[in-house]
Amino acid sequence: MCSIREKAALAAPLTLGILILYFSTLHSSFFNAFPIPDTAVDRAIPFLPVFVVPYFSYYLLLLTPLLVIHESQELRDAAFGYALIVFTSCVAFFFWPTAISTSYTDPLIRGLLAVDRPRNACPSLHASLSLFCALCTWRNLQSPIARYGLWIWTVLVIASTLLTKRHAAVDIAAGVVFGWIVYRLIFAPMHQGAAERAAIVDDLKIRDHPAGKPGRDTEALGRFDSRRCLREFAIFVTLAAMGSSISIWAIAHSSVMTFAVGVVISMVSLNSLLLLLHEGMHRQLIPNRRWNWIITALLGFIFLMSFSAFQVMHLRRFRFPGDPRDADKYRVDSRSRHTKWPAHFVRLVRVLLLNPILIPVSALRFGSATQRKLICSEYALLFLVCSVLLRTFSLRALFLVWILPMMLTGIFAAVRCSIQQVLKNAPDQHLATRI
């Protein structure tokens, strides 16, 4: 059971942080706001100032989960989802601001206009948080009357944003979808084969090679080697700086050959980064679990990937090798002797390009509740990092200096692994052909 003191200790700092985030982005002017155009739906909806009452009741609706949720873990999950919605939305409000293009005035909404500027439009927090809090409350209500009343209230709150002309239909649609996705990510039932919360403790016991092979020192595999990690990190930083500098110089001077050299050097640096990510996956990069996650998650952002999502899929592959529960569906079965090399590589590259979508979707399905939250947190931070980069550098420069070497590195790494698998199984295939 969750005590009143525990609820207050959770709600007070969360509310304060959200107010600071929201109003700081509301009054920021670093970037020009993009006006949301009126659609046919917006023009068909009348302006009804009296709906300012359900508009303000939104702040009471946000408190309903705090009143009806009595389990500590469920309340913390609801608070996490709430904070995730606000943080991600405020990143969008700051770096990609939007504003409503309509301007209606009325004495009934004069107080609303005094505190609520026309910015922070898309996605609508009124829609996303109202739906999220309603869903969190609905799951704890038993009375049908209370459930129906809750949804009527939620619909009135969301509709009031359109009827008072404080949001457009596009804002509401984006907010509703976002709120529903966050709720599903946090509270959806986990897959039957999902790892338990404490399963990450056995990460050090899972390795790329079977632990039972004769002559292999399994304890040495889990030993932290600071010199090796520092050496790999130094190689990555040096080559990355060198490759990026050469590529930038080549772009400025339109030198194709020099640009190719810079891309190759960047690919080598990213390959050394893969080694660091593998060390962090088995908690060998930093002995402390929390710092290991922070450092490796930041390194994973370079590949536009959630480290925790990749870790879930990587470890699951070794938990269920050769089993139908193996969720590593993006691998291509190279053991089949009927697979032709050209078709094999075409399929491999095609699937590899879908990995940024396939890996997080599968990881959210098979991961535990804790792993899901880590994945969501990492993608929210990745959105922040990408927003900073896109507002600092041009998209063309980022693609040539960063995205292109990253894609080529991934393709060559996958092809290399595929060749190794084929060569590893070549004797068995030859024997099977003779038989």
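The values are calculated or read from the model by the stated rules, or taken from the named source; none is laboratory data. This is a predicted model, so every value here is computed, not measured. Cβ placement follows ideal geometry from the backbone for every residue including glycine, while neighbour counts extend to all protein chains displayed. Keep in mind that these areas ignore ligands, DNA and RNA; they rest on the heavy atoms of the full protein, side chains included. Shrake-Rupley method; radii C 1.70, N 1.55, O 1.52, S 1.80 Å.
Some points to look at:
- Exclusive hit being of a type in the set (A, V, I, L, M), assigned to a helix (DSSP H, G or I) and surrounded by fewer than 15 Cβ atoms within 10 Å (Cβ to Cβ), set 358, 364, 389, 384: 389
- Within segment 1-15, one or more residues are of a type in the set (D, E, K, R) and in contact with a helix residue (DSSP H, G or I) (Cβ under 9 Å, 6 or more places away or on another chain).
- If only residues of segment 1-60 that are assigned to a helix (DSSP H, G or I), β-branched (Val, Ile, Thr) and out of contact with any strand residue (DSSP E or B) (no Cβ under 9 Å at 6 or more places or on another chain) are counted, the one that is farthest from residue 152 (Cα to Cα) is 20.
- Index of the failed condition, residue 159 passing every other in (1) buried (at least 23 other Cβ atoms within 10 Å of the Cβ); (2) in a helix (DSSP H, G or I): (1)
- Scan of segment 95-120 for residues that are farther than 23 Å from residue 43 by Cβ and buried (at least 20 other Cβ atoms within 10 Å of the Cβ), ordered by number: 97
- Entry remark, segment 45-65: residues being open to solvent by less than 80 Å² (accessible area, probe 1.4 Å) and either under 19 Å from residue 161 (Cα atoms) or at pLDDT below 90 (or both) number 13 in total.
- Pair list, Cβ < 6 Å and 6+ apart or interchain, from segment 72-99 residues that are within 16 Å of residue 139 (Cβ to Cβ) to residues that are of a type in the set (A, V, I, L, M, F, W, C) and not in a helix (DSSP H, G or I): 72/2; 75/2; 75/69
- In this structure, residue 249 does not satisfy being in a helix (DSSP H, G or I) and touching a residue at least 40 places away in the same chain (Cβ under 8 Å).
- Pairing residues of segment 140-156 that are touching a residue at least 12 places away in the same chain (Cβ under 8 Å) and under 11 Å from residue 68 (Cβ atoms) with residues that are assigned to a helix (DSSP H, G or I) and open to solvent by less than 80 Å² (accessible area, probe 1.4 Å), at Cβ distances under 7 Å and at least 6 apart in sequence or on separate chains, gives 140/68; 141/68; 141/147; 141/150; 150/134; 150/137.
- Test: residue in segment 66-82 that is more than 26 Å from the chain's Cα centre (by Cα), open to solvent by less than 20 Å² (accessible area, probe 1.4 Å) and modelled with pLDDT under 95: yes
- Residue in segment 285-308 that is without any contact (Cβ under 8 Å) to a residue 60 or more places away in the chain, open to solvent by less than 20 Å² (accessible area, probe 1.4 Å) and polar (S, T, N, Q) present: yes
- Odd one out for residue 121, checked against (1) over 19 Å from residue 156 (Cα atoms); (2) part of a loop (DSSP other than H, G, I, E, B); (3) touching a residue at least 12 places away in the same chain (Cβ under 8 Å): (1)
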